[in-house]
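The values are calculated or read from the model by the stated rules, or taken from the named source; none is laboratory data. Remember, it's a predicted structure, so these values are computed and weren't measured experimentally. When we count neighbours, we look across all protein chains shown, and the Cβ atoms used for this are built from the backbone with ideal geometry, even at glycine.
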Amino acid sequence: MKPSVATALGLLAGLSLLPRAARADVSSWLYVAPGYSWTKQGDQATQSQPALQLDTGMGSPPKYAVIVGGLLHWQTHFGRGSDLGLLLRTATHGFVNGGWGAAVDLGGYERWWELGSAGGMGQLVLGAPWGITLAGGAGRGTNDGQHYSVTLGVDLARLTVYRRTGDSWWKNTFPAYRPEEE
């Protein structure tokens, strides 16, 4: 390698090590909730059962009025099986930052149990302070697969990292979104 090329590569490598302020903050979600679901497969009657929902994902920075991101959705219908989904989330600023707000999730799901099913699903998610979250969802797919659910739980990211409310009771000393630093 020529000395001039080695010098240029060395300078580039050195410049990449210089400290800079990071500006790549993202929103994230981690929702855990029990609830109830109603499922149907083929020509069977609709069955009701307890459910457990887990949602996790990431989105655009929490400073915007509307935040868009991706979500991995997992819902277990106890005694039946689990559905997996990949959804697009559109959420309000208040929702993402741990206060009052809402989100709409739309996408697809896959079911491998019983007859199996693949199709579309959506859910409306309402958020209250302290990460308290209520989600209502529905989906319809192949093999006449249908599901409806209601869950009430806590979004751990909205409770801890993104919480900007309730500081008089429990101080969030280093929230992910700090408008005073912009």
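Please tell me if TYR64 is among the aromatic types (Phe, Trp, Tyr), surrounded by fewer than 17 Cβ atoms within 10 Å (Cβ to Cβ) and at pLDDT below 95.
In short, yes.
Can you pull out the residues in region 78-121 that are in contact with a helix residue (DSSP H, G or I) (Cβ under 9 Å, 6 or more places away or on another chain) and either in a loop (DSSP other than H, G, I, E, B) or of a type in the set (A, V, I, L, M) (or both)?
VAL96, ASN97, GLY98, GLY99, TRP100, ALA102, ALA103
List, please: which pairs have Cβ atoms under 6 Å, are six or more places apart or on different chains, and start with a residue in region 23-43 that is assigned to a strand (DSSP E or B) and end with one that is small (Gly, Ala, Ser) and surrounded by fewer than 16 Cβ atoms within 10 Å (Cβ to Cβ)?
Qualifying pairs under 6 Å: TRP38/SER48.
Assess whether ALA51 counts as being at pLDDT 85 or above, within 18 Å of GLY139 (Cα to Cα) and outside any strand (DSSP E or B).
No.
Inspect region 38-46 for any residue being modelled with pLDDT of 95 or more and either in contact with a Ser or Thr (Cβ under 7 Å, 6 or more places away or on another chain) or among the β-branched types (Val, Ile, Thr) (or both) and give the result as yes or no.
yes
Could you please find all residues in region 155-176 being surrounded by fewer than 16 Cβ atoms within 10 Å (Cβ to Cβ) and either of a type in the set (Gly, Ala, Ser) or at pLDDT 95 or above (or both)?
GLY166, SER168 - these are the residues of region 155-176 that are surrounded by fewer than 16 Cβ atoms within 10 Å (Cβ to Cβ) and either of a type in the set (Gly, Ala, Ser) or at pLDDT 95 or above (or both).
I'd like the residue in region 46-61 that is under 10 Å from the mean Cα position of the chain (by Cα) and either without any contact (Cβ under 8 Å) to a residue 24 or more places away in the chain or surrounded by fewer than 17 Cβ atoms within 10 Å (Cβ to Cβ) (or both) and, out of all such residues, is nearest to GLY35 (Cα to Cα).
Taking the candidates together, the pick is LEU54.
Being surrounded by fewer than 17 Cβ atoms within 10 Å (Cβ to Cβ), touching a residue at least 12 places away in the same chain (Cβ under 8 Å) and over 19 Å from LYS40 (Cα atoms) is true for just one of LEU84, LEU71, LEU124, LEU115. Which residue is that?
None of the other options fit; the residue is LEU124.
If you scan region 127-143, which residues turn out to be surrounded by fewer than 20 Cβ atoms within 10 Å (Cβ to Cβ), over 16 Å from the mean Cα position of the chain (by Cα) and under 16 Å from SER37 (Cα atoms)?
If the condition is that a residue be surrounded by fewer than 20 Cβ atoms within 10 Å (Cβ to Cβ), over 16 Å from the mean Cα position of the chain (by Cα) and under 16 Å from SER37 (Cα atoms), then ALA138, ARG140 are the ones that fit.
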